[in-house]
Amino acid sequence: MVPIRMNDHLRGAVAALAPQMRADLERLVRIPSVAFEGFDPAPVREAAEATRDILAGAGLGGVRLIELSGGQPAVFGEIAGPPGFPTVLLYAHYDVQPAGPEKLWDAPPFQPVVRDGRLYGRGSADDKSGIAIHAAALRAFEGRPPVTVKVIVEGEEEATTQNLPALVGGNRDRLAADVILVADSGNWRNGEPTLTTTLRGVVDCTVEVQTLELPVHSGAYGGAAPDALMALIRMLATLHDDRGNVAIDGLVTMPWNGVEYGEEPFRAEAGVLPEVELVGEGPLAERLWTKPAVNVIGIDAPTIHGSRNVLVDRARARVSLRLPPNENPERALQILVDHLEAAAPWGAHVHVREGAPADGCAVPTGGPAHTAARSALAEAYGRPVVETGSGGSVPLIPVLAAAFPHAELLLMGAMDERSNIHAQNESVDLAEVERAALAEALLLERLANV
Ligand SMILES: [Zn+2]
């Protein structure tokens, strides 16, 4: 057992670090590190350098940028613990989603603002909070953690999975660990410590439909000549049945045995309007975490402003398909493409461009690090731990799981049901960041005793 004295010491140390954590987070949020194509790459590198400096300041040894050809640099460093003790790899990412329309934000997205204990700004939760947590956990041990700690913070989690195999494959020895702690997740409900045990995979494709050589007069030809947008709409409509269940034959599903998600809190969190029905059938947690979900995430068609009385000759849509943790993405993408092609009405010409597939993952939960994490979280929060799935994917996880099959994977963090990640007014509860950092420090302490 861990001596109580040490736990009290860590609790005090982390509490004293609260202003530092906030400063680290504010510094990072100010940098618009969007790694998407078409965005300025300079702030992405600036965020990598700021991450390096924060981690070095927290006592991490030999912190350096790992350059990836054609990609964004990752930040890596390591502190050796006493010999014979386990090695823990801490993960986060410093890149962020684009801010989207600024007018939807209550304050400029890259200007951190604290209101009611929450820090607002793009990346405040996803995933710059992860960097602040790792730095605080290291600082709590004054740079001398009881186990060997490695930290990897990558810079294109939101934008692409293209360079992941090179990052992991090219740095196997550096990254090798007994436990991999991914701080890119969070708590089911604010203050309720949570381990995420499943992640959905995701595939997408862009389907283009053409019916005419060129746009033609809708009065002269409408009624006989098919318009491409109507054809596309009919194809997209076949993706669900009338109750909103995914109607693509051949996809797998998986049962869910963890926490149950109530309809009322879900409606409120998702902002579903009154009287609007939820789609699909079966337990909500299953629909969100272990069943497929299909949505249209973009469409190219004439805008209403400037539209004319012509038949649309071509139109395209981007379709996103979320996958159960145990689905093979390549297989699922092929099923989606076949479905869309078969659904084309009127002999419309269809061309599908496939996006990059990302695997899902179901994390094994029987090992000693999982037990230690449950105990550390319960102590830090003073509440029992719950297990949830995630509807989103963290592409790195399945890559790490495949590269290091003997390592235990832990997904936790400081996000909560109000974090609004990827959307406007993203935020993180600073008290939750502190609790997450304490849990991480307690976990490192416990891992030295397993
Ligand atoms: Zn993230």
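The values are calculated or read from the model by the stated rules, or taken from the named source; none is laboratory data. None of these values were measured; they are calculated from a predicted model. With ideal geometry, Cβ positions are generated from the backbone for all residues, glycine too; neighbour counts draw on all protein chains shown. For accessibility, only protein heavy atoms count, side chains too; no ligands or nucleic acids. Shrake-Rupley method; radii C 1.70, N 1.55, O 1.52, S 1.80 Å.
Take Pro325 and decide whether it is part of a loop (DSSP other than H, G, I, E, B), free of Cβ contacts under 8 Å to residues at least 60 places away in the same chain and closer than 22 Å to Val399 by Cβ.
No.
(1) more than 30 Å from Arg446 (Cα to Cα); (2) at pLDDT below 95; (3) open to solvent by 50 Å² or more (accessible area, probe 1.4 Å): which one isn't true of Asp106, the others all being true?
(2)
Kindly establish whether Leu89 is open to solvent by less than 40 Å² (accessible area, probe 1.4 Å) and not in a strand (DSSP E or B).
No.
Quick one: would you say Ala159 is within 16 Å of the ligand (Cβ to nearest atom), of a type outside the set (Lys, Arg) and open to solvent by 30 Å² or more (accessible area, probe 1.4 Å)? Can you show your working first?
Numbers: within 16 Å of the ligand (Cβ to nearest atom): yes; of a type outside the set (Lys, Arg): yes; open to solvent by 30 Å² or more (accessible area, probe 1.4 Å): yes.
When the stated conditions are applied, Ala159 passes them.
Can you confirm whether Ala372 is buried (at least 22 other Cβ atoms within 10 Å of the Cβ), modelled with pLDDT of 95 or more and of a type in the set (Gly, Ala, Ser)?
It is true that Ala372 is buried (at least 22 other Cβ atoms within 10 Å of the Cβ), modelled with pLDDT of 95 or more and of a type in the set (Gly, Ala, Ser).
Which number in (1) crowded, with 19+ Cβ neighbours inside 10 Å; (2) away from the ligand (no atom under 16 Å from the Cβ) marks the one condition that Asp184 misses?
(2)
List every residue pair whose Cβ atoms lie under 6 Å apart, where the two residues are 6 or more positions apart in sequence or sit on different chains, the first residue falls within region 66-85 and is in contact (Cβ under 8 Å) with a residue 12 or more places away in the chain, and the second residue, located anywhere, is open to solvent by 80 Å² or more (accessible area, probe 1.4 Å).
Pro73/Glu67
I'd like to know if region 374-382 contains one or more residues that are polar (S, T, N, Q) and either within 22 Å of the chain's Cα centre (by Cα) or more than 29 Å from Glu260 (Cα to Cα) (or both).
No.
So how many residues does region 266-296 have that are touching a residue at least 24 places away in the same chain (Cβ under 8 Å) and either closer than 19 Å to Val203 by Cβ or touching a strand residue (DSSP E or B) at 6+ places or on another chain (Cβ under 8 Å) (or both)?
12
Would you confirm whether or not region 200-223 contains a residue that is open to solvent by 10 Å² or more (accessible area, probe 1.4 Å), within 16 Å of the ligand (Cβ to nearest atom) and basic (Lys, Arg)?
For region 200-223, residues open to solvent by 10 Å² or more (accessible area, probe 1.4 Å), within 16 Å of the ligand (Cβ to nearest atom) and basic (Lys, Arg): present.
Every residue, every condition in (1) touching a Ser or Thr at 6+ places or on another chain (Cβ under 9 Å); (2) within 16 Å of the ligand (Cβ to nearest atom); (3) within 23 Å of Val147 (Cα to Cα), yes or no:
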position: Leu55; (1), (2), (3): no, no, yes
position: Arg64; (1), (2), (3): no, no, yes
position: Gln72; (1), (2), (3): yes, yes, no
position: Phe76; (1), (2), (3): no, no, yes
position: Ala80; (1), (2), (3): yes, no, yes
position: Leu90; (1), (2), (3): no, yes, yes
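Considering only region 14-49, state which residues are in a helix (DSSP H, G or I), open to solvent by less than 70 Å² (accessible area, probe 1.4 Å) and farther than 24 Å from Ala439 by Cα.
Residues satisfying the conditions are Ala42, Pro43, Val44, Ala47, Ala48, Glu49.
List, please: which pairs have Cβ atoms under 9 Å, are six or more places apart or on different chains, and start with a residue in region 126-143 that is in contact (Cβ under 8 Å) with a residue 60 or more places away in the chain and open to solvent by 10 Å² or more (accessible area, probe 1.4 Å) and end with one that is polar (S, T, N, Q) and away from the ligand (no atom under 16 Å from the Cβ)?
Arg139/Gln20
Within region 120-150, how many residues turn out to be among the aliphatic types (A, V, I, L, M) and within 16 Å of the ligand (Cβ to nearest atom)?
Adding up the residues that qualify gives 4.
When you go through Gly62, Gly57 one by one, which is the residue that is open to solvent by 10 Å² or more (accessible area, probe 1.4 Å) and at positive phi? Can you show your working first?
Values: Gly57 fails: at positive phi.
None of the others qualify; the one that does is Gly62.
Working only within region 241-252, note down all residues that are surrounded by fewer than 17 Cβ atoms within 10 Å (Cβ to Cβ) and either assigned to a strand (DSSP E or B) or hydrophobic (A, V, I, L, M, F, W, C) (or both).
Ala247, Val252
Taking region 391-431, which residues are of a type in the set (Gly, Ala, Ser) and away from the ligand (no atom under 16 Å from the Cβ)? Walk me through it before giving the result.
Step one: filter region 391-431 for residues of a type in the set (Gly, Ala, Ser), giving 391-393, 401-403, 407, 413-414, 419, 423, 427, 431.
If the condition is that a residue be of a type in the set (Gly, Ala, Ser) and away from the ligand (no atom under 16 Å from the Cβ), then Ala401, Ala402, Ala403, Ala407, Ala431 are the ones that fit.
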